[in-house]
Amino acid sequence: MSTPMSTQDGQRPTHTPTGLIAFAWTLVGVPLAYGLYQTVKTAFDLFTGG
Amino acid sequence: MAVPSFLARERIVARPGFNRWLIPPAALAVHLCIGQAYATSVYKTALVEDFQVSQTAIGIVFSIAIVMLGLSAAVFGTWVDRNGPRAAMFVSAVCWSTGFLVGALGIATQQLWLLYLGYGVIGGIGLGIGYISPVSTLIKWFPDRPGLATGMAIMGFGGGALIASPLSRQLMDLYDPDYDGTAGTVPAGNAVALLFLTLGLVYLVFMLFGATIIRVPAEGWKPDGWDPSSVKQKALVTTESVSAANAIKTPQFWLLWVVLFCNVTAGIGILEQASPMIQDFFRDDEGNSSVALAAATGFVGVLSLFNMAGRFVWSSTSDFLGRKPNYMIYLGVGLLLYIGLATVGSSATWLFVLLAAVIISFYGGGFATVPAYLRDLFGTFQVGAIHGRLLTAWSAAGVAGPLIVNGVLDTQGEPGTLQAGNYRPALFIMVGLLAIGFVANLLVKPVAAKWHEPTSSPGAEGAPIPERSAAR
């Protein structure tokens, strides 16, 4: 979703590439997903006495 | 202090049409890295054995880092507000990475003071600057949902341990073939040194990515369709501005300082000791724990998950409930849960984990909600610098929490022989602290008008003209 500026005059508008936003979220999302996966895996060991 | 032009605030002012949803991943790129500070318990035993020192001596490394976090956030908060988040993130990345590299050298050469200097002092400065760098920027990008915004950033700090904890275990397994994460195996010092080296380099790259994509909103920008006058409708929420210099003269600042200190001290005592604590709670009289080291590492991860989730969920909730009621939950319910942990926590693993996990979610929620609480009370004018000054409470708690737990445990017996009862005195001290924090939160009232910054027509409505702050 683009959030337009509402109060700036005399500036060229920009467009944030969707690909850049997707890349940035992926870059932080993948390590988080890894951490989440590992956490669930090890948490399973915790409750089974592993 | 001037910064190179490519780091300057003027270079990163967003043009019309910029998508604000690029800012949260920039903030997360920094907070996911510095959140590693919560994963120190994974290699704590290895460092105790490698250096042949007490738990307290190694726990101090974490305490120094947290002290430096608070001090650097307080000292450089105004600098961060003035120079913008890119410069702050850059400095944070360099300090955090250097801290790991110097720490690695200290471990490899058996020089404990280098570990204190590297991870503790230099890394701690990186922690402090990195922690506050994206928070005020996010508040400005998301004035319609400040709790959600700060929750997103500070969630990353909690998530950092969720990543670093298993990653550290896997890397130490790679660097030390004799270590496999099971009970009784402890990684060699060299493996921890190589781990520090690896993390230092990876974190540098990741944090610099965040610094590259961060932007600040232009003066006067607001989200489409958002009416700033709607902010005033809630109790304790101001549309006025209070400078950082004046904020620290108000009782509200110091009441929040006490609230944060008590909430953090209570949580940090568990987090810093998480891995050995769960093993000790379920240790029999023969000294054998029913919880293996791998499972204890899983417990660290579970806490990290709740720490992270609590930051996002509780902080977002505060946009609807209000900041003060949220803190009443964190401190009041947290107090009851702590009593449960001390009295019936050792009766079942699932109960221990559940109690600790909810306590830690309140701990995380307390961190994530406080910038929005500050913004409500003091406005957005210098909220970054005010937040930085408030984080000295975290520093004090970073010393008090581990000292209380480690100090009590050092009097109770040797590591590896402790049981649940040995933790009880420390846990009841935490209960008392949470009670103090609860009362402090109850006493928070709106900031007096005399501390508000002058508007364009000062004193026009008969209000006294405040002492304008020199801090910019």
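The values are calculated or read from the model by the stated rules, or taken from the named source; none is laboratory data. Everything numeric in this text was worked out from a predicted model, so none of it was measured. Note that we place each Cβ from the backbone using ideal geometry, even for glycine, and neighbour counts take in every protein chain shown. Only protein heavy atoms, including side chains, enter the accessible area calculation; ligands, DNA and RNA are left aside. Shrake-Rupley method; radii C 1.70, N 1.55, O 1.52, S 1.80 Å.
Per-structure values
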| item | result |
| --- | --- |
| Residue within region B:353-362 that is in contact with a Ser or Thr (Cβ under 8 Å, 6 or more places away or on another chain) and assigned to a helix (DSSP H, G or I) present | no |
| Members of region B:349-380 that are farther than 24 Å from B:Pro446 by Cα, buried (at least 24 other Cβ atoms within 10 Å of the Cβ) and among the β-branched types (Val, Ile, Thr) | B:Ile359, B:Ile360 |
| Checking B:Ser304 against (1) away from chain A (no Cβ under 11 Å); (2) part of a helix (DSSP H, G or I), the condition it does not meet | (1) |
| Any hit, region B:205-215, residues being under 26 Å from B:Lys140 (Cα atoms) and part of a loop (DSSP other than H, G, I, E, B) | yes |
| Residue list for region B:307-317, restricted to those being surrounded by fewer than 24 Cβ atoms within 10 Å (Cβ to Cβ) and more than 14 Å from chain A (Cβ to nearest Cβ) | B:Val313, B:Ser316, B:Thr317 |
| Flag for B:Gln36 being open to solvent by 10 Å² or more (accessible area, probe 1.4 Å), within 30 Å of B:Val408 (Cα to Cα), polar (S, T, N, Q) and modelled with pLDDT under 95 | no |
| Failed condition for B:Asp173, given (1) in contact (Cβ under 8 Å) with a residue 40 or more places away in the chain; (2) within 13 Å of chain A (Cβ to nearest Cβ); (3) in a helix (DSSP H, G or I); (4) not hydroxyl-bearing (Ser, Thr, Tyr) | (1) |
| Filtered residues of region B:318-348 (kept if among the hydroxyl-bearing types (Ser, Thr, Tyr), in a helix (DSSP H, G or I) and open to solvent by 40 Å² or more (accessible area, probe 1.4 Å)) | B:Thr343 |
| Members of region B:199-211 that are within 14 Å of another protein chain (Cβ to nearest Cβ) and farther than 17 Å from B:Ala87 by Cα | B:Leu199, B:Val202 |
| Residues satisfying the stated conditions in region B:292-301, i.e. touching a residue at least 24 places away in the same chain (Cβ under 8 Å), more than 7 Å from chain A (Cβ to nearest Cβ) and crowded, with 24+ Cβ neighbours inside 10 Å | B:Val300 |
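Quick grid of which residues meet (1) touching an Asp or Glu at 6+ places or on another chain (Cβ under 9 Å); (2) open to solvent by 10 Å² or more (accessible area, probe 1.4 Å); (3) among the hydroxyl-bearing types (Ser, Thr, Tyr):
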{"residue": "B:Ser54", "(1), (2), (3)": "yes, yes, yes"}
{"residue": "B:Thr78", "(1), (2), (3)": "no, yes, yes"}
{"residue": "B:Gly84", "(1), (2), (3)": "yes, no, no"}
{"residue": "B:Gly99", "(1), (2), (3)": "no, no, no"}
{"residue": "B:Leu105", "(1), (2), (3)": "no, yes, no"}
